[in-house]
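S.K.: There's a structure below that I have some questions on.
Just so you know, all these numbers are worked out from the coordinates, no wet-lab data involved. None of the values given here were measured: they were computed from a predicted structure. Neighbour counts are summed over all protein chains in view; Cβ atoms, including those assigned to glycine, are modelled from backbone coordinates with ideal geometry.
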Amino acid sequence: MNLLAAALLSVSSLVADPAPAPAPAPAPAQDQPKQDAPKPDNKPEAKPESKPETQPTVQPAGKPAEEKKQATPASPYVLGYTLKDIDGKDVDLSQYKGKVILFVNVASKCGYTPQYAGLEKLYKEKAAKGFVILGFPANNFGEQEPGSDAEIKSFCSSKYNVTFPMFAKISVRGEDAHPLYKQIAAQAKPVGGDPQWNFTKFLVDRNGNVVGRFEPKVKPDDATLNKRIDELLGS
């Protein structure tokens, strides 16, 4: 009896407490509007500013790094020197300004030595008009002027009766050349350049400017040389 009552009590409790309602199904997710993905920035990535590297200037082969200007020729005025004459006395060349001058580097044992006679003749013919020859003994070529100044003077006087001014022996080319001849050599062509042999002749106008050059083979009686001298003399 007790067992039956307990069973009935259990059934009645099940009827009184209905089973819980199932949980409502979740609402379907609503479609979210699609957002456009951000577009990539097409601007190029900024790079830190860099200065161009300085590259050394490359010059074409055979040319200097900088174009050198042609050397300016030396002043043509050549009477700014004092030299010793054949007797050892100082002579200021500026005393000859106002004359037409022929500078000649001479030698006593040269094939051109006989030109002494022609030079003396030329000097005597034109001296009255303001012409003078200055002789500069030099031993640069073939050692053809080996003597002392006294010996050179004696030779010129006794053999050629030279009366035009003669100077003490000097060098007319090379490292030891006298500054007078270095200045002459530094002139623009065709006057400039070292003498190439004995009896090279340089013509100087009345203002003391070297204006002409005549090579050793040009004799003192050469027509072109004499014409140029006469032009400078104004005769």
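S.K.: Run through region 176-235 and list the chymotrypsin sites (Phe, Trp or Tyr not before Pro) located in a DSSP loop whose Cβ has at most 14 other Cβ atoms within 10 Å.
M.R.: On the way: sites: Y181, W197, F199, F202, F214; in loops: W197, F199.
Passing sites in region 176-235 do not exist.
S.K.: Count neighbours as other Cβ atoms within 10 Å of each site's Cβ, and list the GluC sites (Glu not before Pro) in region 116-154 that are DSSP loop with at most 13 such neighbours. Mind dumping the intermediate values first?
M.R.: Values: sites: E120, E125, E143, E151; in loops: E143.
Here the sparse-neighbourhood loop sites are E143.
S.K.: Please compute the length gained on full extension between S154 and T224, using 0.36 nm multiplied by the number of residues separating them and subtracting their Cα-Cα distance.
M.R.: Details: separation 70, 0.36 × 70 = 25.20 nm, distance 3.15 nm.
The span from S154 to T224 would gain 22.1 nm if fully extended.
S.K.: If a/c stays under 1.5 just call it rounded; otherwise compare a/b with b/c (prolate if a/b is bigger, oblate if not). Do that for region 82-229, with a ≥ b ≥ c from the square roots of the Cα gyration tensor eigenvalues. Kindly include the intermediate steps, with their values, before the conclusion.
M.R.: Working: a/c = 1.24, a/b = 1.09, b/c = 1.13.
In terms of gyration-tensor shape, rounded.
S.K.: How much length, in nm to one decimal, is gained on full extension between A128 and K97, taken as 0.36 nm per residue of separation minus their Cα-Cα distance? Spell out each step's value before the answer.
M.R.: Values: separation 31, 0.36 × 31 = 11.16 nm, distance 1.51 nm.
9.7 nm is the gain from fully extending A128 to K97.
S.K.: Which of the residue pairs K84/K126; K109/K217; K129/K219; K153/K227; K109/K159 have a Cα-Cα distance greater than 23 Å in the structure shown? Could you put the intermediate results ahead of the total?
M.R.: Details: K84/K126 25 Å; K109/K217 16 Å; K129/K219 21 Å; K153/K227 30 Å; K109/K159 12 Å.
With Cα atoms farther than 23 Å apart: K84/K126; K153/K227.
S.K.: Which ³J(HN,Hα) values in Hz, rounded to whole numbers, follow from the phi angles of region 116-130 under the Karplus curve 6.51 cos²θ - 1.76 cosθ + 1.60, where θ = phi - 60° and Gly and Pro get x?
M.R.: 3, 5, x, 5, 4, 4, 4, 4, 5, 5, 10, 4, 5, 8, x
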